[in-house]
Amino acid sequence: MHGVRAEGDWIVWAVPDFDRVVERASLPNDFYLRELMEVNPADLAAVAGWMNRYGRLGGSIDAGSWDHDEYSRLEELEEREHPQYGPWSLHGDLVRLHISEAQAAIATWVACRRPGGLDELVETEVTDERLAAIAAENGHDDSGYPRTLDALRSATLGLRLALLRNALRYNLAAFSVGLGSLTDRQPSVLSVAFLQLYNHLAEDATIRTCANETCGRDFVRQRGRAEYGQNRTSGIKYCTRECARAQAQREHRRRKAATARPAPAPTKTAPGPHAEERFV
C-alpha cells in the first residue's frame, strides 16, 4: 500500500492504482513476537508504517468475544467511511481492537510455552474484587457465572485459550486450501503474523528470552545479517547480534573496571609474644 498515514482518529491511504503491479514484501522473522507485541495499539502512525511496507492490517471483529451492544458498535465502525477518503480508510478504534486482540492471543501462546505460564498470565485477573464485580453484574442470574476464585481462574483460562483459537482460525483463513494464489487472497499483516505463530506451534519451537540484561525480548530466531528465513534458532542467547555485542561490551567493561582497581593494602599483624627475643 502507498500513502498510508494516520490522520486524526483514522488511518487513511491513497486511492489504489489497480494497474500497478503488486509488490511483494516479507515480514521480518518473529514479527509477531517483536514488532507486533511491542507496538502501542493506539499508535496509529506505527501501524500506518506497517501498512506502507507490508500491506493491509487485517483483523476481524468476529475473532473477539463481545456483548451484543459492543459488537453492533464495531459493525457500525466497519461500515463507516472517512468523510474525505471514503472506503480508503480504517477507523482507529478498529486498529486498537485488532492489535490488542492479537497481543492478548500471542501472550497466551507464549505463556503456554512456559511451565506455569498460563496461571501466571491470568493471576492478576483472578481477584476477590473481580469476583464481586461479576456477581454484581449478574445480580440474581443463576446462569453459571463463577462464584469462587478457582472457578474464575478456570473461566479466565478458558476464555484466553478460546481467543487464541479464534485468532488463529480467522487470521489463517487466507492460507486455507482454495482456488487462486496468495496474491489473489491478499494475506494481511496480521494473517502473516499468525502464520509465523502457527509455524512455531507446528515445529514445537523454543521461545527464548534475550540474555541482554537491558532487553529481555521473547524470540525464536536471532536476527542478524543472514538472508530471510536463514536466521539461527539453536545455540543462541540473544535476539539480535546487536544485543549480543552490547552485552559482551558491557561485561568487558565490568571486567576491565575490576582489574583496574588498586590491590588492597597488606594487613599488619601484631608481633608474637617472643618477637623481641628473636632480635637479641
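Would you check which residues across segment 89-148 are in contact with a Lys or Arg (Cβ under 9 Å, 6 or more places away or on another chain) and of a type in the set (S, T, N, Q) and list them? Hits for segment 89-148 are Ser89, Thr108. Among residues of segment 88-114 that are more than 21 Å from Leu168 (Cβ to Cβ) and surrounded by 22 or more Cβ atoms within 10 Å (Cβ to Cβ), those with a beta-carbon under 8 Å from a residue that is of a type outside the set (Val, Ile, Thr) and modelled with pLDDT of 95 or more at least six positions away or on a different chain give the pairs Leu90/Trp10; Leu90/Leu57. Has segment 3-23 got at least one residue that is acidic (Asp, Glu), in contact with a Pro (Cβ under 6 Å, 6 or more places away or on another chain) and farther than 23 Å from Gln196 by Cα? No: segment 3-23 contains no residue that is acidic (Asp, Glu), in contact with a Pro (Cβ under 6 Å, 6 or more places away or on another chain) and farther than 23 Å from Gln196 by Cα.
Yes or no, residue by residue, for (1) over 30 Å from His200 (Cβ atoms); (2) part of a helix (DSSP H, G or I); (3) assigned by TED's automatic domain parsing to the domain that holds Glu23:
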site: Leu57; (1), (2), (3): no, no, yes
site: Trp66; (1), (2), (3): no, no, yes
site: Asp69; (1), (2), (3): yes, yes, yes
site: Leu94; (1), (2), (3): no, yes, yes
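For segment 18-32, does any single residue satisfy the condition of being loosely packed, with under 15 Cβ neighbours inside 10 Å, assigned by TED's automatic domain parsing to the domain that holds Arg73 and aromatic (Phe, Trp, Tyr)? Among the residues of segment 18-32, at least one is loosely packed, with under 15 Cβ neighbours inside 10 Å, assigned by TED's automatic domain parsing to the domain that holds Arg73 and aromatic (Phe, Trp, Tyr), which makes the answer yes. Scanning segment 52-77 for residues that are surrounded by fewer than 13 Cβ atoms within 10 Å (Cβ to Cβ) and in contact with a Leu (Cβ under 8 Å, 6 or more places away or on another chain) gives a single hit, Ser65. Evaluating Gly235 against the criteria (1) modelled with pLDDT under 85; (2) at negative phi leaves one unmet condition, (2). Within segment 130-179, work out how many residues are at pLDDT 90 or above, farther than 20 Å from Gly117 by Cα and charged (D, E, K, R). Here the count works out to 1. So the check is Cβ under 6 Å with 6+ separation or different chains; which pairs have a first residue in segment 1-15 that's over 12 Å from Ala45 (Cα atoms) and a second one that's assigned to a strand (DSSP E or B)? Correct list of pairs: empty, since none qualify.
When the residues of segment 39-48 are filtered to those that are in contact (Cβ under 8 Å) with a residue 40 or more places away in the chain and either of a type in the set (A, V, I, L, M, F, W, C) or not in a loop (DSSP other than H, G, I, E, B) (or both), which remaining residue is surrounded by the fewest Cβ atoms within 10 Å (Cβ to Cβ)? Lay out the reasoning, then the answer.
Pass one, segment 39-48, residues in contact (Cβ under 8 Å) with a residue 40 or more places away in the chain: 39, 41-42, 44-45, 47-48.
Still in the list and also either of a type in the set (A, V, I, L, M, F, W, C) or not in a loop (DSSP other than H, G, I, E, B) (or both): 39, 42, 44-45, 47-48.
Numbers: Val39: 16, Ala42: 13, Leu44: 22, Ala45: 11, Val47: 25, Ala48: 23.
Taking the candidates together, the pick is Ala45.
A Cβ distance below 8 Å, combined with a sequence gap of six or more or placement on separate chains, defines the contacts here; from segment 238-254, residues that are assigned by TED's automatic domain parsing to the domain that holds Cys210 and surrounded by 18 or more Cβ atoms within 10 Å (Cβ to Cβ) reach residues that are part of a helix (DSSP H, G or I) and small (Gly, Ala, Ser) in the pairs Tyr238/Ala244.
Taking the conditions exactly as written (closer than 24 Å to Ala151 by Cα and in contact (Cβ under 8 Å) with a residue 40 or more places away in the chain), does Arg56 satisfy them or not? It is false that Arg56 is closer than 24 Å to Ala151 by Cα and in contact (Cβ under 8 Å) with a residue 40 or more places away in the chain. Would it be correct to say that Ser100 is hydroxyl-bearing (Ser, Thr, Tyr) and under 21 Å from Gln186 (Cβ atoms)? When the stated conditions are applied, Ser100 does not pass them.
The values are calculated or read from the model by the stated rules, or taken from the named source; none is laboratory data. Owing to the predicted nature of the structure, the values given are computational and were not obtained by experimental measurement. Glycine also receives a Cβ, built like all others from the backbone with ideal geometry; neighbour counts cover every protein chain displayed.
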